[in-house]
1. Quickly estimate the mean residue ellipticity at 222 nm for the chain, helices only: each DSSP H run with n ≥ 4 gives -39500 (n - 2.57), and the total goes over all residues, rounded to 500.
2. Radius of gyration and Dmax for the stretch 100-308's Cα atoms, expressed in Å?
3. Report the antiparallel proportion of the DSSP beta bridges in the stretch 100-308 as a percent, rounded to a multiple of 5.
4. Which of the aspartates and glutamates could be linked to K110 by a straight reach, that is with a Cα gap under 15 Å, when you skip same-chain ones fewer than 8 residues away?
5. Using Cα pairs closer than 8 Å and at least 6 residues apart in sequence, work out the relative contact order for the chain, in percent.
6. In nm, to one decimal, how far is the E83 label point from the R284 one, both placed 7 Å along Cα→Cβ?
7. Once the Cα gyration tensor of the chain is diagonalised, what are the square roots of 5 times its eigenvalues, in whole Å and ordered largest first, as equivalent ellipsoid semi-axes?
8. Using 0.36 nm per residue, how much length does the chain from E130 to E171 gain when fully extended, once their Cα-Cα distance is taken away?
Amino acid sequence: MNALAMREYRWSPDAKFIKRSDGNAVAVNFANSTKLVFGPEESNAISAFSGLTFPFALEDDLSDSLRSTLVHGGFLVPEEDFEARDRMIREAVRTVAEESSGLIIMPTEKCNFRCTYCYESFAKGRMRPERVDALARVIEARIQQARSFSLGFFGGEPLLCSDIILRLCGEAMEQCGRKGIFFGASMSTNAALLTPALFDQLIDVGLVFFQVTLDGDRELHDRQRVTVKGKGTFDGIVEHLRAMAATRHDFTVALRCNVHPEDSERVLSLFDGEELAFVRNDPRFIIDVHYIWQSDRQTLAETSKEGCLSGLQAGLDKYVLNAELSRRGLSTTSYDDVPGILGSACYAGKKNWFIVGADLKLYKCTVVFDNPKNNVGHIDLDGNMVIDERLNRLWTGSNSTTDSGCGSCYLRVPCGGLACPLTRFTSGSKGCLELRDAGNLRNWAERLSVPATGQISPVATH
Ligand code: SF4
Ligand code: SF4
């Protein structure tokens, strides 16, 4: 027996091994976003030790190449390295939770759309110039302190104030460049104002991620997403998306589809058709299917056990739907992305992330703006952030370092116990990620596209 086989190993607490109905099996390591597929023979061998929480020796007849694949993918951890690796993982999660820094800015709360399911009040208009100046000073100060910094834009419709976005991003990009840290910004936009000329300008100042909503085919979309005057919006959005696809810019568009389960077929037909053919096989476009909430979010957040990033999507077999989309050459959030460190955590749970209202009030959560516990501070006109640390801790204090259940969960790296800080203190529920559910995990693995047997597939991390 060789020395390697004599060694003791542990199965990674961050890894899952899932048998599929075709006889193959999928192994996913959520700590490093690695996924592997194994044929029936290897699957049987791995089943003997996958999930074991105590040290074990490998059978003599396990091939060196299989052992090596599992060790390199972090599925098997040599016993002598286990404690150090575990500490390293916990520290990485803690660092991101505490040291990553970002602001999600609402340059206006007004919107040019009136979607039938929208929960916003549209109460506050454009951020006033002296407030933009104060915010710019805050951004500069935070960049000086941060190890990584991001800006996000949300609304209302943020592109109603594209001049504010261009200014803040342009300055932040320059300041991050001087400091030698990466700057990238994201935006949730309805895309009605996202003309080719503006898109070029936004790309130049580091806007690289856009969330744009298309709620199905033209008829379905135009029934739900209408302008203030009640007009359909499908054609204008598609025209802008097509122009984006025709560029050589490096960006990501998450095409969000808010659907009722009974409309799944309509979503598929949208991506089957010619109108969106430009999206197929272009990895810059990712389809992100969500289930339309059945009641308004304010009520729901006080009573539900589920957060907006997680179980509210339950009820729609989105794995089946996404598998169909994948077969059509489309990238989807559920399939082609195993999130990196806190990649599935809500920003509300991160200590140095805040939502900035048009009046410079600071919030943690983009759902319950009327909840007094969400207003954790403000920015004054001298450019100081005034934060109620007690309230901030309400959102950030419970996580995988304080909750032993989360600390031992296989999703502790992408989630960190921060799936939904709101439901933690309103209903007492953690709002776990969908993949925490065994049935969802099985459905996901069943349809996961993975490379050839035994190939390690490092997947994009955030
Ligand atoms: S805390 Fe985060 S996940 Fe929960 S409702 Fe608010 S924004 Fe959504
Ligand atoms: S909140 Fe749920 S999914 Fe997230 S780490 Fe905790 S137990 Fe796991």
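Taken together, the values in this text are just the output of simple stated rules run on the coordinates, not laboratory data. Nothing here was measured: the structure is a model prediction, and the numbers come from that model. Backbone-built Cβ (ideal geometry, glycine too); neighbour counts: all protein chains shown.
1. -10000 deg cm²/dmol
2. Rg then Dmax for the stretch 100-308, in Å: 17.8, 51.
3. Given both bridge residues lie in the stretch 100-308, the antiparallel proportion sits at roughly 5 percent.
4. The reachable aspartates and glutamates, counting only those whose Cα sits under 15 Å from K110, are E120, E157, D359.
5. Working: 888 pairs, mean separation 89.8, N = 462.
Answer for the chain is 19 percent.
6. 5.1
7. For the chain, the semi-axes come out at 38, 27, 21 Å.
8. Details: separation 41, 0.36 × 41 = 14.76 nm, distance 1.62 nm.
Extra length from E130 to E171 when fully extended: 13.1 nm.
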